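Q: One structure, as structure tokens, below. Some questions next.
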Amino acid sequence: QVQLVESGGGLVQPGGSLRLSCAASGRTFSPTVMNWYRQVPGKQRELVAAMITGGTTTYADSVRGRFTISQDNTKNMLFLQMSSLRPEDTATYYCGALESGTFYWGQGTQVTVSS
């Protein structure tokens with residue numbers, strides 16, 4: 001069983017930065033795609049950033065140039081570096097991973113951007 005655990009959320013002022021982490025554990029894990037999503041109450045979960053095997057990345061238009069997705073060499077950790085944060089970035093951020101047709105979710109970490 002694969003478990004994804006996010007960390008690094010919190011309260012930050014507009015213009016600030018945060019780095020989210022996602023740790024995979026449970027067994028040897030070889031996802032083909034790893035993602036960061038976010039969700040606010042009453043709205044659908046939206047894709048923020050994705051990384052495909054080989055290093056190709058993609059970003060939502062709303063975060064491109066401000067957020068960076070990365071992973072460590074062992075692929076056990078996924079990161080989301082968030083800069084120039086805006087109040088509209090406030091959401092619960094989820095790590096997701098696709099492996100052999102199964103999608104795994106973390107439990108989410110709250111990011112609040114407010115002065």
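Q: Using a Gaussian network model of the chain whose springs link C-alpha atoms within less than 10 Å, name the residue from Q71, Q44, Q13 with the highest mean-square fluctuation.
A: Taking springs between Cα atoms under 10 Å, the residue moving most is Q44.
Q: In nm, what is the difference between 0.36 nm times the number of residues separating S114 and M77 and their Cα-Cα distance?
A: 10.5 nm
Q: So what are the ³J(HN,Hα) numbers for the range 103-114, from phi and the Karplus equation (6.51, -1.76, 1.60; θ = phi - 60°), rounded to whole Hz, Gly and Pro as x?
A: 9, 10, 10, x, 8, x, 9, 7, 10, 10, 10, 7
Q: What residues from the range 3-45 fall in the zone where the backbone N is under 12 Å from a label point 7 Å along the Cα-to-C-beta line of S70?
A: Only 19-20 fall inside the zone, counting backbone N under 12 Å.
Q: Excluding ligands, DNA and RNA, what is the solvent-accessible area per residue of the chain at a probe of 1.4 Å, expressed in Å²?
A: 52 Å²
Q: Something else now. Under 5 Å between amide hydrogens, which residues at least 5 positions from G108 or on another chain qualify, with H placed 1.01 Å from N in the peptide plane?
A: Residues meeting the amide H criterion: E6, C95.
Q: Sticking with this structure for a sec: Please give the contour-minus-distance gain from I52 to Q13: 0.36 nm per residue of separation, less the Cα-Cα distance, rounded to one decimal in nm.
A: 10.9 nm
Q: Quick one: check the C-alpha center-to-center distance for the range 72-115 versus the range 1-17, whole angstrom.
A: Value for the Cα centre distance between the two parts: 7 Å.
Q: Let's see if you can work this out: charge +1 on each Lys and Arg Cβ, -1 on each Asp and Glu Cβ, no other charges. What is the dipole magnitude of the chain about its Cα centre, in debye to the nearest 20?
A: 40 debye
Q: In the range 39-115, which trypsin sites (Lys or Arg not before Pro) are in a loop and have at most 12 other Cβ atoms within 10 Å, using DSSP for the loop call?
A: Within the range 39-115, the qualifying trypsin sites (Lys or Arg not before Pro) (loop, at most 12 other Cβ atoms within 10 Å) are K43.
Q: If you don't mind, another one. For Cα pairs less than 8 Å apart in space and 6+ apart in sequence, what is the mean separation divided by the residue count of the range 74-113, i.e. the relative contact order in percent?
A: So the answer I get is 41 percent.
Q: Given H placed 1.01 Å from N in the peptide plane, which residues other than close sequence neighbours of G16 have an amide H under 5 Å from its amide H?
A: L85
Q: What is the chain's relative contact order, in percent, from Cα pairs under 8 angstrom and six or more apart in sequence?
A: With pairs under 8 Å counted, the relative contact order is 38 percent.
The values are calculated or read from the model by the stated rules, or taken from the named source; none is laboratory data. All of these numbers come straight from a predicted model, not from anything done at the bench. Neighbour counts run over all protein chains shown; Cβ positions are idealised from the backbone, glycine included. The accessibility values were calculated without ligands, DNA or RNA, using every heavy atom of the protein model including side chains. Shrake-Rupley method; radii C 1.70, N 1.55, O 1.52, S 1.80 Å.
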